[in-house]
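Engineer: Dumping the structure here so I can ask a few things about it.
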Amino acid sequence: MTRIVEFTAACGRLQRPRARPFFQTLLMDRHQFEQLIEESLQQIPAALREAMNNLAIVIEPWPERELMAQMYGDPDTCVYGLFDGIPLTERHVDDSGDLPSVIHIYQAALESDFPDATELRQEITVTLVHEIAHFMGLDEDQIEALGYG
């Protein structure tokens, strides 16, 4: 079962490198953003949703700078989403007791680049599909070929 969990504190949907504002007021509250994610999940084909066992969705404002420096060589690189876990294609029966894989969705990063509600909703769906594709074992080239790069 997929869960949206709260968490504050690797494959990602890359946006352009840019300086992040020190402080930014979010366009919508947490509950409204969670509703957009739930609506986007309903747009995903049922067969994909059913395969999303042991997968959590975590909403955070921005990706951690240290992680971006490690992954992309630049701490100012920002992503809209990030998959962290073992793809289904690499799982083994011995992995059954592991913690769930996680899709991180970065609310402030998305809202910063998509202030229009319709565009934001569309990008949330694209980002979720992109990260779910990583969970399913697809690489960047395969995801790009499907139109979710």
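Engineer: Round to a whole angstrom and tell me the spacing of the C-alpha centers of the range 75-107 and the range 120-149.
Structural biologist: Centre-to-centre (Cα) distance: 13 Å.
Engineer: Is the shape of the range 87-149 best called rounded, prolate or oblate, per the rule: a/c under 1.5 gives rounded, else a/b larger than b/c gives prolate, else oblate, with a ≥ b ≥ c the square roots of the Cα gyration tensor eigenvalues? Spell out each step's value before the answer.
Structural biologist: Numbers: a/c = 3.90, a/b = 1.79, b/c = 2.17.
The shape class here is oblate.
Every number here is computed from the coordinates shown, using simple stated rules; none is lab data. Note that the structure is predicted; figures quoted are calculated from it, not measured.
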